[in-house]
Amino acid sequence: MVKIGFVSLGCNKNLVDSEIMMGACVEAGFEITSNAEDADVIVVNTCGFINDAKQESIDTILDMAEYKNKKCKFLIVTGCLTQRYKDEILEQMPEIDAILGVKEMLKLPDVIKDLYEGKQRIKVFNDASSFVYSSSMPRVIATPSYYAYIKIAEGCNNRCSYCSIPLIRGKYTSRPIEDIVREAKELAERGYKEIILTAQDTTKYGTDIYGKKMLPALLEELEKIEKIKWIRFLYSYPEDLDENFVNVVKFSSKVVNYFDIPVQHVNDRILKLMNRKSTKESIRRLIEKIRESFDEVVIRTTILVGFPTETDEEFEELCSFLKWAEFDRLGAFMYSQEEGTLASQLPQVDEDIKQRRYEKVLNIQRKISKKQNRKRIGKEYEVVIEAKDRNNFYIGRSQFEAPEVDGKVLVFSKNRLTAGQFVKVKILDAFEYDLVGEIIL
């Protein structure tokens, strides 16, 4: 049996795409392997969002190409990088045997068969098509057995001036509520306790097919699924997070008190140039509303530094706001000039200035993160165990930590714990990103 190895780069949305492709390969009679040395065919699902991600994708392609000197016969590349550079990538990287666009992922098994039949340098794209997966499609879940992502929509209509995603992924397309609920029920029956909703913008969910924002209604439907313990939604835009959204989370027993809100900046001139719909004042009011609505809540955000024409004064305004807002979690990125975007045509900020601003934001956030974490000392939380660390310590997460991007809870227990087990933990110590606690019997 032909063995297919997958390397999935970038965001969790890309991971879902990889899971769908793996499902299609299994249905077609192929075997999936996690060992590149054992693979007859290697598929790299790339990211092309910013320059660092592009470079990682290129480096990974070249690394995987080395296995063609061993057992691997064919190297296939798909994802955002191929969609963005479909006219250049095959020409510039002869190591690649086939490329697929992001809307053609279900054709992967056919491409593999074509390669084995002797076809060469295959290129499969259809920019006019659209693709949104459904619960009826086979899917090989790559996350641990207790949490899974559900992509509720594809594409984006926001047209932020720095972002190439609409050029790559196309217009915003929601999945029907019934299909998402069906998938969540199937995952729950298979033992998945945490469902994480993802999209380029989850708060716009439903606007294209229902004519209004339907994420609150979707969350209420998912709440009814008995075997689901935690529901988390990511990538919620600040201009759409109104009181209705906040109340759905507040009064839910399953939607976790965790808001992922990429504000990007707070200076009104920069926000306008970014084509963002929020203002400094609206962001401030939203943070205050969320904080006052919960006894305990975590707010995560994303900040972009070095946006074209950003002045020292505008950057300092951002820093002052971060100190006031005290975001519990923060991801920072240096602006990446992406061809085809409006921001790429603006006067650019020097790379060394971007780097200094990036480092300053991270230094500010380290202090805030430690302060916020120390507030949790002495409190008790339900924690899902993810792995054994060393001796009698285990690694876990509470509802206030999203997988892959946030810190961990280091749990001391003399009793043996297993991955996916939920336990009560008392927090004893806190650091910049991680917490330390002991199990409560």
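Every number in this text was worked out from the coordinates using simple rules, so none of it is lab data. Here the structure is a predicted model, which means the values were calculated and not measured. Cβ coordinates were reconstructed from backbone atoms using ideal geometry, including for glycine residues, and neighbour counts include every protein chain displayed.
Quick check on segment 58-143: what are the equivalent-ellipsoid semi-axes from the Cα gyration tensor, as sqrt(5λ), descending, whole Å?
After scaling each eigenvalue by five and taking roots: 22, 16, 14 Å.
Taking 0.36 nm per intervening residue step and subtracting the Cα-Cα distance, what contour gain separates K379 from F431 on full extension?
Length difference between fully extended and current span is 17.2 nm.
Order these by the 10 Å Cβ neighbour count, fewest first: I303, I395.
Ordered by Cβ neighbours within 10 Å, fewest first: I395, I303.
With a 4.7 Å Cβ cut-off, tell me which Cys residues in the chain come up empty for a partner.
C11, C25, C47, C72, C80, C156, C319
Given a cut-off of under 8 Å on Cα pairs at least six residues apart, what relative contact order in percent is computed for the chain?
Numbers: 867 pairs, mean separation 41.2, N = 441.
In percent, rounded to a whole number, it is 9.
For a Förster distance of 25 Å, can you work out the FRET efficiency between the beta-carbons of L62 and E339, rounded to the nearest 0.05?
That pair, L62 with E339, gives E of 0.65.
For D389, enumerate residues with amide H under 5 Å from its amide H, sequence gap 5+ or separate chain, H modeled in the peptide plane.
Amide H neighbours of D389: Y394, I395.
Highest GNM mean-square fluctuation, the chain, Cα pairs closer than 10 Å: which of Y358, Y149, Y237?
Judging by the Gaussian network model, the answer is Y358.
I need the trypsin sites (Lys or Arg not before Pro) found in segment 149-193, filtered to DSSP loop residues with at most 16 other beta carbons within 10 Å of theirs.
Loop-located and lightly packed - R159, K171, R190.
Taking θ = phi - 60°, what integer Hz values does the Karplus form 6.51 cos²θ - 1.76 cosθ + 1.60 yield along segment 70-87, in sequence order, with x for Gly and Pro?
Using θ = phi - 60°, the values come out as 10, 7, 4, 9, 9, 10, 10, 10, 9, x, 5, 5, 5, 5, 6, 10, 5, 7 Hz.
State, to one decimal in nm, how far the label point of T279 lies from the label point of K323, with both points 7 Å from Cα in the Cβ direction.
2.5
Run the quick spin-label model on K250 and I353: label points 7 Å from Cα toward the beta carbon, then report their separation in nm to one decimal.
Between K250 and I353, the label points sit 4.2 nm apart.
Jot down the per residue volume, in cubic angstrom and as a whole number, of the convex hull over the alpha-carbon atoms of segment 380-439.
Measuring per residue, one finds 75 Å³ for the Cα hull of segment 380-439.
Have a look at S34, S336, S369 and tell me which one the Gaussian network model of the chain (Cα, springs below 10 Å) gives the largest fluctuation.
Its mean-square fluctuation being the largest, the pick is S34.
Which net charge results for the neighbourhood of Y67, defined as the other residues with beta-carbon distances under 15 angstrom from its beta-carbon, given Lys and Arg at +1 and Asp and Glu at -1?
Net of charged neighbours comes to -3.
Give me the Kirkwood hydrodynamic radius of the chain, using the inverse of the mean 1/r over all pairs of distinct Cα atoms, in Å to one decimal.
Evaluated over the chain, this radius sits at 23.2 Å.
Just report the Cα centroid separation between segment 176-242 and segment 382-441, whole Å.
Segment 176-242 and segment 382-441 have Cα centres spaced 26 Å from each other.
Taking Cα centroids, how far is segment 255-269 from segment 297-362 in Å?
Here the two parts' Cα centres lie 13 Å apart.
Using a Gaussian network model of the chain whose springs link C-alpha atoms within less than 10 Å, name the residue from Q372, Q264, Q421 with the highest mean-square fluctuation.
Sorting by GNM fluctuation, first place goes to Q421.
For the pair K272/D52, report the inter-label distance in nm, with labels modelled 7 Å from Cα in the Cβ direction.
Output for this residue pair reads 3.1 nm.
Which loop chymotrypsin sites (Phe, Trp or Tyr not before Pro) in segment 220-270, with loop taken from DSSP, have no more than 13 other Cβ atoms within 10 angstrom of their Cβ? Provide the component values of the computation, followed by the final result.
Values: sites: W230, F233, Y235, F245, F251, Y258, F259; in loops: Y235, F251.
Passing both the DSSP loop test and the Cβ count: F251.
Where in segment 369-410 are there trypsin sites (Lys or Arg not before Pro) that are in a DSSP coil and have at most 14 other Cβ atoms within 10 angstrom of their Cβ?
Within segment 369-410, the qualifying trypsin sites (Lys or Arg not before Pro) (loop, at most 14 other Cβ atoms within 10 Å) are K375, K379, R390.
Which percentage, to the nearest 5, of the DSSP beta bridges contained in the chain is antiparallel?
On the way: 20 of 63 bridges.
About 30 percent, rounded to the nearest 5.
Does segment 65-196 come out rounded, prolate or oblate, given a ≥ b ≥ c as the square roots of the eigenvalues of its C-alpha gyration tensor, rounded meaning a/c under 1.5 and, failing that, prolate meaning a/b above b/c?
oblate
Distances longer than 21 Å among the Cα atoms of segment 3-124: what percent of all pairs is that?
That fraction is 28 percent.
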